[in-house]
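Everything below concerns the one structure shown next.
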Amino acid sequence: ADGMGGYKGGKIASRAAVDAVVRRLRAPDANPISEQLLQEAVMDANQAVLEKKTDDTLSLMGTTLIVAFISENRLYWAHVGDSRLYLYHDSALRQITGDHSFVMRLLSEGKITKEEMKNHPRKNEITRAVGIHHALQIDTGIIDMAPTDEILVCSDGLSGMIDDDSISRILAEYGNTPQKCVETLLDRVYDAGAHDNVSAIVIRYESEDKI
């Protein structure tokens, strides 16, 4: 969850969203894992952030959100905003989520190039976020996992500073030690200037059959 709306608002929104998702997924009466369950969890997060808007100083707060859950060798995911979920499989990096951002919309319409995205004056403008409106469109999906697959979840503070080729090389070199992989990714971001807060989670998957 990458909060927005100033330091205070972003912190409140991101924490409220994460807490709401965890409550839903850990509830004793929770349904079996499914895309529908993750959608419900994100809607809980949306409502939780809206309820935190107790004064005008918090009126603009919201957050991106990615929920990822692995069960029976499958990755279930839900997504709102411009944080990203990547899968590194068979030496290839694939961005699973699509950015809900103004510049991504321009790119999909063929109005700008990937290179132009990097310096576009509205590159930080997102078109969907948790905690802005009561109605919310949520992307979801399911991916079959294989042993040694690597998962990267990151904020745009990372993906906006280093390109996918660099991310892929780091995952290839350090993926078997996720902590070192994250440290290396963050080092590259700081070396590039670190224009924003950055969060990253790396998971190296092992088949549940081996657990």
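In square angstrom, what is the accessible area per residue of the chain with a 1.4 angstrom probe? Could you put the intermediate results ahead of the total?
Numbers: 11430 Å² over 211 residues.
Accessible area per residue, the chain: 54 Å².
May I ask you to give the percent of accessible area on the chain that is carbon plus sulfur, with a probe radius of 1.4 Å? The nonpolar share, carbon plus sulfur, comes to 47 percent.
Of the listed residues 97, 140, the order by accessible area with a 1.4 Å probe, largest first, is 140, 97. Scattering from region 1-102 was approximated by placing one identical point on each alpha carbon and applying the Debye formula without solvent; log10 I(q)/I(0) at 0.11, 0.12 1/Å stands at -0.37, -0.44. Its Cα centre serving as origin, region 78-149 has a Cβ charge dipole (Lys and Arg +1, Asp and Glu -1) of approximately 320 debye. In the chain, Cα pairs under 8 Å separated by at least six residues give a relative contact order of 21 percent.
Spin-label model, residue 201 to residue 26: label points 7 Å out along the Cα-to-beta-carbon direction sit 1.3 nm apart. The residue list 120, 80, 33 was ranked by how far each Cα lies along the charge dipole of region 21-133 toward its positive end, using unit charges on Cβ atoms, and 120 comes out on top. Taken along its principal axes, the alpha carbon cloud of region 30-71 reaches lengths of 41, 17, 10 Å, longest axis first. Of the whole protein surface, residue 118 contributes about 100 Å² of accessible area at a 1.4 Å probe radius.
For 43, 145, 104, give the ranking by accessible area with the largest first, probe 1.4 Å.
These residues rank, largest area first, as 43, 104, 145.
When the Debye formula is applied to the Cα atoms of region 133-211, each taken as the same point scatterer, what base-10 log of I(q)/I(0) results at q = 0.12, 0.17, 0.25 Å⁻¹? With one equal scatterer per Cα and no solvent, log10 I(q)/I(0) is -0.42, -0.74, -1.15. Listed values for region 64-79 are Karplus-derived 3J(HN,Hα) couplings in whole Hz (6.51 cos²θ - 1.76 cosθ + 1.60, θ = phi - 60°), namely 6, 7, 10, 10, 10, 9, 9, 8, 6, 6, 10, 9, 9, 9, 9, 8, and x replaces Gly and Pro.
Quick one: if the Förster radius is 22 Å, what FRET efficiency do residue 69 and residue 179 give, using the C-beta to C-beta distance and rounding to 0.05? The computed FRET efficiency comes out at 0.50. With helices as the sole contributors, the chain gives -11500 deg cm²/dmol at 222 nm; each DSSP H run of n ≥ 4 counts as -39500 (n - 2.57), and the sum is divided by every residue.
With 0.36 nm allotted per residue and the present C-alpha distance subtracted, the residue 144-residue 169 stretch has 6.7 nm of extension available.
For region 126-211, relative contact order (Cα pairs under 8 Å, six or more residues apart, normalised by length) works out to 43 percent. Of 175, 141, 160, the residue with the greatest mean-square motion in the GNM of the chain, using alpha carbon springs below 10 Å, is 141.
For region 51-140, what is the relative contact order in percent, using Cα pairs closer than 8 Å and at least 6 residues apart in sequence? Don't skip to the answer; put the middle values down first.
Details: 126 pairs, mean separation 27.3, N = 90.
Normalised by residue count, the contact order of region 51-140 is 30 percent.
Working note: Debye formula, equal point scatterers on the alpha-carbon atoms of the chain, no solvent; log10 I(q)/I(0) at q = 0.15, 0.17 Å⁻¹ is -1.02, -1.28.
With a 1.4 Å probe rolled over the protein heavy atoms of all chains, the accessible area of 23, 122, 84 falls in the order 23, 122, 84, largest first.
The values are calculated or read from the model by the stated rules, or taken from the named source; none is laboratory data. Everything quoted here is computed from the prediction, not taken from an experiment. Quick reminder, even Gly has a Cβ in these numbers, built from the backbone with ideal geometry, and neighbours come from all protein chains shown. All accessible areas refer to the heavy atoms of the entire protein, side chains included, with ligands and DNA or RNA removed. Shrake-Rupley method; radii C 1.70, N 1.55, O 1.52, S 1.80 Å.
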